[in-house]
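In what follows, a structure is listed as structure tokens, so that the remarks can point back to it.
Bear in mind these aren't lab numbers, they're just calculated from the coordinates by the rules spelled out. Note that the coordinates shown come from a computational prediction; the quantities given were computed from them, not determined experimentally. Cβ coordinates were reconstructed from backbone atoms using ideal geometry, including for glycine residues, and neighbour counts include every protein chain displayed.
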Amino acid sequence: MRQSQLFTKTRKEAPADEAAKNAQLLIRAGFVYKEMAGVYAYLPLGLLVLEKVKQIVREEMNAIGGQELIMTSLQRKDLWERTDRWDDKQVDVWFKSELKAGGEVGFGWSHEEPIAEMMKNYITSYKDLPIYVYQFQTKLRNELRAKSGVMRGREFVMKDMYSFAVGEDDHTAFYNATIAAYQRVYERLGLGEDTFVTFASGGSFTQFSHEFQTICEAGEDSIYINRDKNIALNAEVYNPETLAKLEVTEAELTKVTTAEVGNIFNFGRQKASDVGLSYKSDSGEDVPVWMGSYGIGVTRLIGVIAEKFSDAKGLVWPESIAPFLVHLVALNTDDSAVRDYAEGIYSELQKRGVAVLFDDRDLRAGEKFADSDLIGLPYRVVLSKKTKESGKFEMIERRSGEVRHLTEVELYADFDNDPES
């Protein structure tokens, strides 16, 4: 992409009403636009990041047998009443509306009930099981507080997956496979070292659950961890009983601030029983399906990454999800020879499959470098009259600040060997 054709512009200041660091940076760099508190539009750069995060999650869900679909966001009142989760006293984040044809409709904050109802059309026998389905969808939650930027929105993108099994053994095997898949997702996003499988309360879903919590100073949760034993538990279940169950003492745990980036729930047979989803066993008995639910907050992950991977100059994207790998910054473009040379390098990098944002704008060097730091692509390659004459490019790694001077041949070889290019 040519930066001169990018309709978004960087900003020196974030909106006065935006307190969250992640949203301030994403807005200033032109990744998102704030519509209202807790509601953001994803602009071209932001959408590229969003789709890359989704693709990593998609690959890992497919690898464990997940099948992708997409459900409607409109929710039937009668369906949620069967599980006593339509009542605002039970679930306090509903957005609801009156239908002109009469009756009420809800806007999807989760999809356990609707997807279980749908599966009644596809599950009749034990031979139909197991089934694992997932979707990427915009969820709507009427949050009282929406003060953490894209880390806690009233509208956000979630990956939610649901499993349907014959019994506990099959469910447990998939549940454990999902834990491993989630850990691979966070590893690929650069969050593996600071993300913990955390014992937690099930909230509106079930009695207990496992959360995936990432150490983040802007997070809203507190957990207790022991890195050596790879144990973590949420503060809400921090009690003698839980400590005994996990075989850990209070002295062995350290309290840290975290952001929840995923969760998984074991519903047992209760959810399917409430909805009326069952299968015929080999003996002809009607048995409720054993269900599980597995969520990853896709847009929340972007916020957490923006919080953790940024500095005083701006964003610092991991290669795996950066909108472009290289920021090609051309200086002295008023010189036609330099301009033609820059066009040639841009064209050659594209031919080699390198994702490049080409800053071909007619601006001062300082402005271009400041924008490059703010946008935060993994590598900046500077091309100017001086570099053309010397035959060497200046390449700066955004994360480390390391500067290298490479010939054209060395530059191409460097990216030919980069798995993200």
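Things to note:
- Which numbered condition Asp92 misses (of (1) acidic (Asp, Glu); (2) outside any loop (DSSP other than H, G, I, E, B); (3) over 21 Å from the mean Cα position of the chain (by Cα)): (2)
Condition check ((1) of a type in the set (Ser, Thr, Tyr); (2) crowded, with 19+ Cβ neighbours inside 10 Å; (3) within 21 Å of the chain's Cα centre (by Cα)) across all residues:
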site: Ser4; (1), (2), (3): yes, no, no
site: Glu13; (1), (2), (3): no, no, no
site: Ala20; (1), (2), (3): no, yes, yes
site: Met36; (1), (2), (3): no, no, yes
site: Val57; (1), (2), (3): no, yes, yes
site: Gly65; (1), (2), (3): no, no, yes
site: Met71; (1), (2), (3): no, no, yes
site: Leu79; (1), (2), (3): no, no, no
site: Asp84; (1), (2), (3): no, no, no
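- Residues located in the stretch 65-82, provided they are within 20 Å of Asn142 (Cα to Cα) and β-branched (Val, Ile, Thr): Thr72
- Within the stretch 371-421, the set of residues being out of contact with any strand residue (DSSP E or B) (no Cβ under 6 Å at 6 or more places or on another chain) and aliphatic (A, V, I, L, M) comprises Ile375, Val409, Ala413.
- Subset of the stretch 14-63 (residues that are in contact with a helix residue (DSSP H, G or I) (Cβ under 8 Å, 6 or more places away or on another chain), among the β-branched types (Val, Ile, Thr) and within 24 Å of Ala370 (Cα to Cα)): Val32, Val49
- Selection status of Leu48, surrounded by 15 or more Cβ atoms within 10 Å (Cβ to Cβ) and in contact with an Asp or Glu (Cβ under 9 Å, 6 or more places away or on another chain): no
- Residues located in the stretch 348-383, provided they are among the charged types (D, E, K, R), in a helix (DSSP H, G or I) and crowded, with 18+ Cβ neighbours inside 10 Å: Lys368, Asp371, Asp373
- Search result, residues across the stretch 320-347 that are more than 32 Å from the chain's Cα centre (by Cα) and in a helix (DSSP H, G or I): Ser336, Ala337, Val338, Arg339, Asp340, Tyr341, Ala342, Glu343, Gly344, Ile345
- Condition broken by Arg141, with the remaining ones in (1) of a type in the set (D, E, K, R); (2) surrounded by fewer than 18 Cβ atoms within 10 Å (Cβ to Cβ); (3) in contact with a Phe, Trp or Tyr (Cβ under 8 Å, 6 or more places away or on another chain) satisfied: (2)
- Any hit, the stretch 202-220, residues being closer than 18 Å to Ser163 by Cβ and among the acidic types (Asp, Glu): yes
- Leu411 being surrounded by 15 or more Cβ atoms within 10 Å (Cβ to Cβ) and in a loop (DSSP other than H, G, I, E, B): no
- Selection count where residues are closer than 26 Å to Tyr134 by Cα, out of contact with any strand residue (DSSP E or B) (no Cβ under 8 Å at 6 or more places or on another chain) and not charged (D, E, K, R), scope the stretch 80-111: 4
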